[in-house]
1. Which of the residues belonging to the stretch 32-55 are in contact with a Lys or Arg (Cβ under 6 Å, 6 or more places away or on another chain) and surrounded by fewer than 13 Cβ atoms within 10 Å (Cβ to Cβ)?
2. Check off (1) among the aromatic types (Phe, Trp, Tyr); (2) under 18 Å from Arg12 (Cβ atoms); (3) exposed (fewer than 15 other Cβ atoms within 10 Å of the Cβ) for Tyr76 and give me the number that stays unchecked.
3. Which condition number in (1) under 13 Å from the mean Cα position of the chain (by Cα); (2) at pLDDT below 95 is the one that Glu3 fails?
4. Scan the stretch 11-31 residue by residue and report those that are at pLDDT 95 or above, surrounded by 14 or more Cβ atoms within 10 Å (Cβ to Cβ) and closer than 21 Å to Gly61 by Cβ.
5. Out of everything in the stretch 56-73 that is of a type outside the set (Asp, Glu) and either outside any strand (DSSP E or B) or touching a residue at least 60 places away in the same chain (Cβ under 8 Å) (or both), what residue ends up being surrounded by the most Cβ atoms within 10 Å (Cβ to Cβ)?
6. Restricting the stretch 10-55 to residues that are part of a helix (DSSP H, G or I), among the hydroxyl-bearing types (Ser, Thr, Tyr) and under 10 Å from the mean Cα position of the chain (by Cα), which is farthest from Thr73 (Cα to Cα)?
Amino acid sequence: MTEKDIIIPAYRLDTHGEPCPYPAVATLEAMEQLKPGEILEIISDCPQSINNIPVDAKNYGYKVLDIKQDGSTIYYWIQK
């Protein structure tokens with residue numbers, strides 16, 4: 001990863017330990033608060049979030065910049 005590839009989120013939403021569908025719902029609510037171009041980092045350990053969060057984000061016109069998984073924890077970076 002080069003320096004220009006580093007994603008710097010404006011906000012972080014930690015839904016670790018929260019059951020589905022809370023991470024997806026909370027993500028959409030948080031995205032509404034962002035200014036255009038700002039990035040939200042979402043942290044979730046809900047297995048279904050991998051199916052919900054990216055699809056919901058794209059359906060609302062947001063850009064999914066990256067998704068990474070570390071064990072059971074999934075990190076998402078979404079830009080408004």
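The values are calculated or read from the model by the stated rules, or taken from the named source; none is laboratory data. Bear in mind that the values here come from a model prediction, so they are computed numbers and not experimental data. Backbone-built Cβ (ideal geometry, glycine too); neighbour counts: all protein chains shown.
1. Pro36
2. (3)
3. That leaves (1) as the condition not met.
4. Leu13, Pro23, Ala24, Val25, Ala26, Thr27, Leu28, Ala30, Met31
5. Of the stretch 56-73, the ones of a type outside the set (Asp, Glu) are 57-65, 67-69, 71-73.
Keeping just the survivors that are either outside any strand (DSSP E or B) or touching a residue at least 60 places away in the same chain (Cβ under 8 Å) (or both) gives 57-62, 71-72.
Details: Ala57: 23, Lys58: 12, Asn59: 9, Tyr60: 13, Gly61: 8, Tyr62: 20, Gly71: 6, Ser72: 10.
Filtering first and then ranking leaves Ala57.
6. Going through the stretch 10-55, the residues part of a helix (DSSP H, G or I) turn out to be 22-33, 49-55.
Next cut, among the hydroxyl-bearing types (Ser, Thr, Tyr) only: 22, 27, 49.
Next cut, under 10 Å from the mean Cα position of the chain (by Cα) only: 27, 49.
Values: Thr27: 16, Ser49: 10 Å.
Checked the stretch 10-55; the qualifying residue farthest from Thr73 (Cα to Cα) is Thr27.
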